[in-house]
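The values are calculated or read from the model by the stated rules, or taken from the named source; none is laboratory data. Just so you know, these numbers come straight off a predicted model, no measurement behind them. Cβ placement follows ideal geometry from the backbone for every residue including glycine, while neighbour counts extend to all protein chains displayed.
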Amino acid sequence: MNQVQTALKALIEDETSFALPPETNDFSEDDWAWLLESLVSEQRILIWPFLKNIDTTAVLAGMREDARLQLVSSLPNKSVHKALANSDASQVIEVLDVLPTSVAKKFIKKLSKETQNHIRESLNYTDDQVGRYANHNVFTVNKSASVESILSELKSVDLPEYTDTFLVTDEQNIFIGEITINELFSAEPQDLVANIAKTSVHIVNADLPLLDASNLLKSTKKSMLPVVTETGELLGRFDINDALEIFQEHYEAQIAHLGQVSDEDLFAPVALSARRRAVWLGINLLTAFMASIVIGIFDKVVAEVVALAVLMPIVASMGGITGSQTLTLTIRGLATGQLGINNVSSLKRKEIAVAAINGVAWSLLVAIITGFWFENIALSIIIAGALIVNMLVAALFGILIPVTLDRMKIDPALAGSVILTTVTDIVGFFVFLGAASLILI
């Protein structure tokens, strides 16, 4: 990486002296995608023309959408056309959304009729459905063919990666079943494929969400599954490489959303990044004002009993930590599919029980410390009660908030923490200061 940076610096100073470091000779398309994302925008544009013997469409497809959009929008149309020259349908679909409309239309017209048809079929599905990205590079066998003819054909074709099973179709491309390589070689030459193919097999419906398809493939322990339309037509295949990419993107998104930065390009323009984050900062500020309003209601109590101001952060912090632990657990369950309508009640009971045990234990400790510190038994009882209530509420809402957001099709990892913090702050301050105003004043 450092050597590439040094070479890029030389290019900026004198383009005629630039050469890619030898270490990049063995770079794969994924390596280049990763490298380009790690460079600032200007450096990406400078290095792009030097990717001579690289499948540049695969490089673009391997980049995150934000970085890909920035790069494509900065390149001349001629360079974009050149980059897409040898693309297949799957690669075109991957980058289509970031291409200028004029470039996309002009480019698609140059593709073969077969590739154009594949693209049209793919565009019938949304960008989170398997049908959108089904791999059309699949070796199929006709049910009427003989084993001998298939074995003869195999001698002259290059099989796609992850092909340990052949998909069987009829003359109308309707999916019939599958036959493994071992089964094919074990059969008699005169046997018909229709007689030895398995018809009861796992398939991926074309409208299935990508993450669900990935989990299905993982559970079958196969290297690929057929993607089938609602009419039974074979659309393509979904293989283990696709599933790994989906898992990687999904878990990266879960991590990134914890900081509300989503899949933002590492070197996105400052103005764009500032605008995106400003929304969440604004929401956070609004929720902070809501908590402040609750405190303001009891300002006279706080002014008279200074100890309340000292102890308020403890109430808010303990509730926040309890809630965030439950929130994280719930989001993980939703993300992995382990948590659903059938077992959410069980999780509620378990988390509330855990919060109750911890609430009682820690509130007793805080009450003892408060009693020795401020020599006020009433204050000790008040903070102990406030802690227990806030921790119970935090545990409950740590489940309710992400489950509700998930049902509303809002990413709970993105919005859950902001809402939960508001709830625990408001409830904690209201119970603590409200009880103090009734008992101490």
Checking LEU433, LEU438, LEU420, LEU405 in turn, the sole residue that is touching a Pro at 6+ places or on another chain (Cβ under 8 Å) and not polar (S, T, N, Q) turns out to be LEU405
So, in region 55-94, how many residues would count as being among the hydrophobic types (A, V, I, L, M, F, W, C) and more than 21 Å from SER122 (Cβ to Cβ)?
3
Does SER345 count as modelled with pLDDT of 85 or more and closer than 30 Å to LYS218 by Cα?
yes
With the first residue restricted to region 241-258 and required to be under 17 Å from ASP66 (Cβ atoms), and the second required to be modelled with pLDDT under 65 and not in a helix (DSSP H, G or I), Cβ contacts under 6 Å at 6 or more apart or on different chains are ALA256/SER262
Of the residues in region 326-343, those that are crowded, with 17+ Cβ neighbours inside 10 Å and more than 13 Å from ALA413 (Cα to Cα) number 1
Could you count how many residues in region 271-314 are at pLDDT below 80 and not hydrophobic (A, V, I, L, M, F, W, C)?
7
Check every one of the strands (runs of 3 or more DSSP E) wholly within region 70-187 and list those with 3 or more residues that are polar (S, T, N, Q) and over 33 Å from the mean Cα position of the chain (by Cα).
none
Count - residues of region 44-55 that are outside any loop (DSSP other than H, G, I, E, B) and either at pLDDT below 80 or surrounded by fewer than 21 Cβ atoms within 10 Å (Cβ to Cβ) (or both):
6
Does at least one position in region 102-114 carry a residue that is among the aromatic types (Phe, Trp, Tyr) and at pLDDT 75 or above?
no
Here is a list of conditions, (1) in contact with a His (Cβ under 7 Å, 6 or more places away or on another chain); (2) surrounded by 15 or more Cβ atoms within 10 Å (Cβ to Cβ); (3) more than 16 Å from ASN135 (Cβ to Cβ), and THR220 meets all of them except one; can you say which number that is?
(2)
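One line per residue, one yes/no per condition, for (1) touching a residue at least 60 places away in the same chain (Cβ under 8 Å); (2) of a type in the set (Val, Ile, Thr):
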site	(1), (2)
ALA361	no, no
ILE368	no, yes
GLY385	no, no
VAL393	yes, yes
PHE397	yes, no
LEU400	no, no
GLY416	yes, no
GLY434	yes, no
Grab the helices (runs of 4 or more DSSP H) fully contained in region 190-270, keeping just those with 3 or more residues being at pLDDT below 80 and more than 20 Å from PHE175 (Cα to Cα).
240-257
Based on this model, can you work out whether ILE93 counts as in the same structural domain as VAL193 (by TED's automatic domain parsing), free of Cβ contacts under 8 Å to residues at least 60 places away in the same chain, under 22 Å from LEU225 (Cβ atoms) and not small (Gly, Ala, Ser)?
no
Tell me whether region 354-367 contains one or more residues that are of a type outside the set (Gly, Ala, Ser) and either in contact with a Pro (Cβ under 9 Å, 6 or more places away or on another chain) or farther than 20 Å from VAL427 by Cβ (or both).
yes
(1) over 30 Å from ASP299 (Cα atoms); (2) small (Gly, Ala, Ser); (3) under 24 Å from the mean Cα position of the chain (by Cα) all hold for SER345 apart from (3)
Residues that are surrounded by fewer than 19 Cβ atoms within 10 Å (Cβ to Cβ) and either of a type in the set (Ser, Thr, Tyr) or in the same structural domain as ALA61 (by TED's automatic domain parsing) (or both), drawn from region 223-246:
SER223, THR231
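Which one of these is crowded, with 18+ Cβ neighbours inside 10 Å and either not small (Gly, Ala, Ser) or not assigned by TED's automatic domain parsing to the domain that holds SER144 (or both): THR199, THR165?
Going through THR199, THR165 in turn, just one is crowded, with 18+ Cβ neighbours inside 10 Å and either not small (Gly, Ala, Ser) or not assigned by TED's automatic domain parsing to the domain that holds SER144 (or both): THR165.
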As an exercise: evaluate LEU211 against (1) closer than 13 Å to LEU235 by Cα; (2) surrounded by 13 or more Cβ atoms within 10 Å (Cβ to Cβ) and give the number of the one condition it does not meet.
(1)
Just for region 345-365: of the residues that are β-branched (Val, Ile, Thr) and out of contact with any helix residue (DSSP H, G or I) (no Cβ under 6 Å at 6 or more places or on another chain), which one is nearest to VAL305 (Cα to Cα)?
VAL360
